[in-house]
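Trainee: Before anything else, here's the structure in question.
Here, each number is a calculation from the coordinates, and none is a lab measurement. Remember, predicted model here, so these are calculated numbers, not experimental data. Here the Cβ is made from the backbone with ideal geometry for all residues, glycine too, and neighbour counts use every protein chain on show.
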Amino acid sequence: MNIPFQSDGQSTLSLTIRECPIPSEATQYRPEFPERFGCLQDARAFGCVFFPWYNREHRHSGVALYTPFDVHYGRVHEVHQRRQAALDAAYQRSPNRFVHKPPQAALPPQAVWINPPKETPKQASQ
């Protein structure tokens, strides 16, 4: 496996493991996530499997069940169109299953924050 390195020689993976806390909801869906790693090599080995799953396969409720990969790389429009086509087809087959109106595929929010920036007094007054 080819792990990218930073200009200071640190591997991106080791920086990720050390500096990026894993959200607790991710660990609840992956019971094999250890409470502690025996050593850095164990953490790297686990990360090689966990991070691709977390970013490319796990659908996050905070971004309307899109993957971080879809959101980050601008694939939301494409995925949204596929979802809407499936919902439209389901509605055409059985409109009586949808009581109020045809279903609409959700879009992620415009911004998602772990720690939202604080408003400055100037921003708050506008």
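Trainee: Could you grab me the full set of residues in region 52-69 that are on the phi < 0 side of the Ramachandran plot, touching a residue at least 40 places away in the same chain (Cβ under 8 Å) and not hydroxyl-bearing (Ser, Thr, Tyr)?
Mentor: Those that are on the phi < 0 side of the Ramachandran plot, touching a residue at least 40 places away in the same chain (Cβ under 8 Å) and not hydroxyl-bearing (Ser, Thr, Tyr): Gly62, Val63.
Trainee: I would also like to ask the following. Is it the case, given these coordinates, that Gln92 is surrounded by 13 or more Cβ atoms within 10 Å (Cβ to Cβ) and assigned to a helix (DSSP H, G or I)?
Mentor: no
Trainee: Select from region 27-70 the residues that are among the basic types (Lys, Arg) and under 11 Å from the mean Cα position of the chain (by Cα) and list them in ascending order.
Mentor: Arg56, Arg59
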